[in-house]
Structures are given as structure tokens and as C-alpha cells.
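Peer 1: I have a structure I would like to understand better, so I am pasting it below and will then ask my questions one at a time.
Values quoted throughout were computed directly from the atomic coordinates according to the rules given, and no laboratory measurement underlies them. Note that the structure is a prediction, hence the values are computed from the model and not measured. Backbone-built Cβ (ideal geometry, glycine too); neighbour counts: all protein chains shown.
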Amino acid sequence: MSKLPVDVGIIYEGERIRKANMYADLAGPKSKGAELLKVVAASKVKDGSVTVIGPDLKDMKEGSAYPFGVSIEVSGKKLEEDLEGVFERRIHDFMNYIQGMMHLNSRDIIWCRISKEANKAGLGLNHVGQAMVDLFKAEFDVIEKIQVTFYTDDKKIDKFLKDARAAYEKRDAKVRGLKDEDVDTFYGCLLCQSFAPKHVCTITPSRTSSCGSITWFEGRAAVKVDPKGPIFAVEKGEVIDLEKGEYSGINEMTVERSNGEVERVYLHSLFDYPHTSCGCFEAIGFYIPEVDGIGVVHRDFRGVTPFGIPFSTMAGQVGGGVQSEGFQGMAIEYMRSSKFFAADGGWQRTVWMPKALKDRIGNDIPEDVRDKIATEEEATDLDSLKAFLKEKNHPVVARWKEAVQASADGGIAVSQFEMPVAGVPMAGGGMTIIFKNAKIYAEKVIIKRNDK
Ligand code: SF4
């Protein structure tokens with residue numbers, strides 16, 4: 001490793017740089033940016049070169065946010081296009097190895113931060129680029145030549161952003177015709193275990209990785225060049241439930257790779273055993289019990305969901321590698337899958353998403369339900385959401401009627417209700433039992449006023 005003014009190593013991977021200690025933000029919510037790795041011809045790569053287009057770190061104003069484009073071009077006789085997304089995802093690890101630099105997320109939602117100490121030590125983008133060159137070459141001997149270009153200029157980054165988005169679309173589109181039942185092998189990824197120790201991603205044709213960066217084809221290419229790496233092949237095994245997306249091979253792999261913490265996974269449901277969520281998912285799918293529907297919120301949305309909380313709060317509650325029933329971190333591309341929460345009703349049960357997200361995937365939403373899905377413009381809370389769905393006669397409205405209809409033998413069917421457990425102290429959160437799809441029988445119902 002070339003000499004840098006700060007240390008570089010895996011021990012810095014979990015380093016968090018808080019706002020008070022921030023020198024500058026690169027990309028992130030207050031600016032724009034993207035990362036793109038391309039496999040190109042050897043003649044187009046000047047091996048080891050690092051170029052900065054725009055201000056370098058020392059010329060930035062402390063406390064400000066700047067655009068940040070990371071373009072890495074590699075060449076090598078054994079390289080193929082399907083490896084681009086896999087290598088690109090490693091930018092996240094490698095930038096986090098740099099002391100005083102933090103990298104979050106992927107693709108065009110990256111967010112990097114430089115600490116005050118790193119700036120004081122003299123860290124520049126040329127050093128960051130040099131670290132990328134050294135780390136990529138050390139990790140992948142199939143990379144013969146590599147060059148790095150950073151864009152921090154507010155105008156010059158725009159063409160790069162356009163090219164990066166076109167490249168992501170090309171990668172995602174390649175897998176769209178394929179379904180889970182068309183293949184025998186899925187892929188697993190452990191890259192996020194440094195942040196979320198129980199998290200294991202299962203990458204299938206119908207469910208791309210939660211970060212949106214690694215498709216099934218890219219998982220397959222990764223295993224070919226790095227068979228002992230963090231991405232590995234998994235035999236599907238027996239199909240336990242096709243609609244929910246439960247497979248014996250995935251369950252066995254998840255038990256083993258999560259150290260026994262997660263025993264079952266439904267790839268295409270929010271309920272019972274949803275896929276675990278790490279922290280770099282592009283969006284969150286969430287169940288809204290009050291309307292018995294599904295909402296989706298993406299990372300770029302700055303407003304609040306009908307629950308009254310923004311993406312960041314929800315992400316903090318569901319991330320970390322846990323299985324949170326009713327919530328799932330996911331890629332935006334998953335909404336284009338024919339198996340998008342298929343076991344729960346998919347689009348026929350989807351009731352809310354931010355307008356920007358709806359505009360982005362608009363043509364992939366089935367026409368019969370497209371205008372019945374609310375955005376923040378129609379519904380800002382649960383009451384306005386309910387009124388909108390009723391007015392539009394969204395398919396979930398029929399479920400409400402079924403849910404309250406007394407059953408023929410006198411029971412009341414409810415989709416969900418919650419009951420606090422008596423005697424469990426509330427300090428520390430207490431305990432609540434949630435009943436789903438329950439039928440209630442009672443000789444007598446007593447409703448008591450709570451005067452407190
Ligand atoms: S979100 Fe999943 S696929 Fe993406 S890097 Fe993390 S573990 Fe791997």
C-alpha cells in the first residue's frame with residue numbers, strides 16, 4: 001500500500017463520523033453523486049492514474065456538502081461486464097477502510113463523509129484514489145489495470161450521473177425476463193455483516209440484492225472469479241412455498257451464515273419470516289395495519305410516511321440484520337419483479353409510496369391499480385390515506401369489509417389487532433401480543449373507559 005497521510009485497514013470499516021466531527025460531506029442528501037465501475041479495454045486505462053475534476057478536499061469549505069462522482073475503470077483478460085456491479089459494491093468496503101472516511105449506500109444514493117482529523121492530516125482525493133487502486137489490485141488479481149476519476153464539480157458531474165444511471169438500468173434490465181423458478185442456483189452475500197452481523201442477502205432472479213447493486217447474473221459472475229469471496233452460490237433445494245419464496249436450501253444456508261440467528265426466510269412476503277434488512281437497502285416495504293395495505297418508502301424521500309415517521313427513523317428500526325415482521329429493506333428494482341411481495345397481494349395490496357418513486361417506476365405498476373395508490377400529495381397520515389383508498393375503491397377496501405364481517409358461526413374475523421400483556425411492566429417497552437387473521441369468539445365484551 002502506498003504511503004497515505006492516514007491509516008488504511010479493515011479495522012476502520014465500522015468507523016462512524018458524526019456531524020460534529022465532519023469536515024465535508026460528499027454526495028448524500030444535501031448534494032448529488034454516484035459511483036460506477038466499468039470494465040473497459042486495456043488501451044483505455046492508464047494504470048494507477050487518479051484524476052480529480054473539481055475542488056479537492058483541501059479546497060472545500062468546512063461543514064459543507066459537495067457533489068461526488070466516483071468513476072473506476074478496470075481492464076483484464078478474465079474480466080466480464082457482469083462483474084461491474086460486484087466490484088462496484090466493494091467501493092463501499094474499501095472507502096470505509098480509510099481512517100477518517102465514511103461511505104454509505106450504493107449507486108446514485110452514496111453518501112460519504114470526511115472527518116476533521118483526516119483533513120488536518122492532509123487527506124486528499126488523490127490519496128483516496130490511490131487507496132482504491134491498491135485495494136482493488138490486492139483483492140482481485142484478475143484486475144490488471146485500474147484508473148480512478150473523481151467528480152466534485154457541480155456541473156461536470158451531471159454527464160457522469162446520466163451515464164451511471166444508464167449503466168444501472170442496463171444491468172437491471174438484463175435480469176428482468178428471468179424468474180426464480182427458471183434457475184436451480186441462487187446466490188448469497190455476506191458483505192454487510194460487518195455492519196449487520198445476522199444479515200445474509202439472498203440474491204435471486206426475482207429478488208435482486210437489498211442494496212440494488214448485485215443482480216443474479218452479477219452474483220454468478222462473482223462466484224466464478226472469487227469462489228471463496230463474500231458472494232457464494234446456494235442450491236435452492238426443495239421448494240417449500242413458491243408464492244412466499246421459501247426454499248430448503250435458502251433456510252439451511254441462512255441458519256448457517258447467520259450463526260443460527262435466522263431460521264427461515266420468505267423471499268416474497270413481509271409477514272412471518274421476511275428477508276432480513278442490513279442498512280444499505282434502497283427502500284423499505286412496510287405493512288400498514290390500519291388499512292391492511294403495503295407502503296414503500298425510498299431513501300431519497302425527505303418527507304414522512306403515513307405513520308408520521310421519515311425513512312431514516314424507519315430504517316433505524318428495521319436495519320441491523322434483524323427479521324422485522326411487517327418491514328423489509330429492499331431494492332427499488334424489486335418493485336419491477338413479478339414476485340414483488342406476491343404472497344401478500346403485491347400491487348393489489350400496495351397503497352402508498354412517495355410521488356418521486358411512483359414517477360420513477362410508474363410504467364411498471366399495473367394500470368388497474370396505478371391511480372389508486374396514494375403518494376404524499378394525497379395522503380400524509382393514516383386518516384387521509386384511508387379516505388383516499390375508500391374514494392378510489394382500492395382493492396384493499398374489499399379486505400376491510402371482509403375483516404369486520406361476522407362469520408357464519410358468530411366469530412369476528414380481523415386482519416390484525418394488538419393486545420398489551422397485563423402484568424408486564426411498561427418500563428423498557430412492555431410486551432404486546434399481535435394477532436393476525438384471527439377470529440374472535442366471546443360470550444360477553446366489556447369496554448372500559450380509561451380515565452387517565
Ligand atoms: S445489501 Fe446484500 S447484496 Fe448488497 S452488499 Fe449488502 S449483503 Fe451484499
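Peer 1: So if we plug the beta-carbon distance of K174 and E139 into 1/(1 + (r/R0)^6) with R0 = 30 Å, what FRET efficiency do we get, rounded to 0.05?
Peer 2: Working: r = 25 Å, r/R0 = 0.83.
The pair K174/E139 has a calculated efficiency of 0.75.
Peer 1: Next question. Within the stretch 180-401, how many Lys pairs sit with Cα atoms under 16 Å apart, leaving out pairs fewer than 8 places apart on the same chain?
Peer 2: 10
Peer 1: For a Förster distance of 41 Å, can you work out the FRET efficiency between the beta-carbons of D381 and K77, rounded to the nearest 0.05? Don't skip to the end; give the middle numbers.
Peer 2: Numbers: r = 58 Å, r/R0 = 1.41.
Using R0 = 41 Å, I get an efficiency of 0.10.
Peer 1: Just to confirm my numbers, what's the Cα centroid distance between the stretch 37-77 and the stretch 225-256 in Å?
Peer 2: Between the Cα centre of the stretch 37-77 and that of the stretch 225-256, the gap is 36 Å.
Peer 1: Which far-off residues, 5 or more places away or on another chain, put their amide H under 5 Å from the one on K38, with H placed in the peptide plane?
Peer 2: I72, E73, V74
Peer 1: Distance in nm between label sites at N363 and E263, each 7 Å beyond Cα in the beta-carbon direction?
Peer 2: Placing both labels 7 Å beyond Cα along the Cβ direction yields 4.6 nm.
Peer 1: Provide the gained length on full extension for the span K19 to R165, in nm with one decimal, where the gain is 0.36 nm per separating residue minus the Cα-Cα distance. Before the final figure, lay out each step's value.
Peer 2: Working: separation 146, 0.36 × 146 = 52.56 nm, distance 2.89 nm.
Stretched out fully, the K19 to R165 stretch lengthens by 49.7 nm.
Peer 1: Using the alpha-carbon atoms, what tilt in degrees (0 to 90, nearest 10) does helix 84-96 show relative to the longest principal axis of the chain?
Peer 2: 80
Peer 1: Here is a follow-up. Where Lys and Arg each count +1 and Asp and Glu each count -1, what net charge lies around L267 among other residues with Cβ under 13 Å from its Cβ? Present the calculation step by step, with values, prior to reporting the outcome.
Peer 2: Details: positive: K179, R207, K236, K244, R264, K339; negative: D180, E181, D241, E243, E246, D272, D344.
That sum, taken over residues with Cβ under 13 Å, equals -1.
Peer 1: Could you sort 347-355, 61-69 so that the peptide with the highest average Cβ count within 10 Å comes first and the rest follow in order?
Peer 2: Working: 347-355: 21.7, 61-69: 18.4.
With the highest mean Cβ count within 10 Å placed first, the list reads 347-355, 61-69.
Peer 1: Then there's this: Can you pull a Stokes-Einstein diffusion coefficient for the chain at 20 °C (1.002 mPa s), Rh from Kirkwood over Cα pairs, as a whole number of µm²/s? Mind dumping the intermediate values first?
Peer 2: Details: Rh = 23.7 Å.
This corresponds to a translational diffusion coefficient of 90 µm²/s.
Peer 1: Just for the Cα atoms in the stretch 10-175, what are the lengths along the principal axes, largest first, rounded to whole Å?
Peer 2: Here the Cα extents, ordered largest to smallest, are 44, 30, 26 Å.
Peer 1: May I pose another question? Any chance you could run the full-extension gain for I309 through I53? It's 0.36 nm times the residue separation minus the Cα-Cα distance, nm to one decimal. Mind showing how you got there, number by number?
Peer 2: On the way: separation 256, 0.36 × 256 = 92.16 nm, distance 3.80 nm.
Here the answer is 88.4 nm.
Peer 1: Right, next: In whole Hz, what ³J(HN,Hα) sequence does the stretch 27-41 give by Karplus (6.51, -1.76, 1.60; θ = phi - 60°), x for Gly and Pro?
Peer 2: 6, x, x, 9, 8, 9, x, 6, 10, 8, 10, 10, 8, 10, 5
Peer 1: Let me ask you something else. Taking H placed 1.01 Å from N in the peptide plane, check which residues at least 5 places from G293 or on another chain put their amide H under 5 Å from its amide H.
Peer 2: Correct list: I288.
Peer 1: Taking the highest mean first, how do the peptides 211-224, 333-346 order by number of other beta carbon atoms within 10 angstrom per residue? Could you put the intermediate results ahead of the total?
Peer 2: Numbers: 211-224: 23.6, 333-346: 20.7.
Result, highest mean first: 211-224, 333-346.
Peer 1: Quick one: which residues, 5+ away or cross-chain, put their amide H under 5 Å from the amide H of A24? H built at 1.01 Å from N.
Peer 2: For A24, whose amide H was placed from the backbone, the distant partners under 5 Å are G63, I114.
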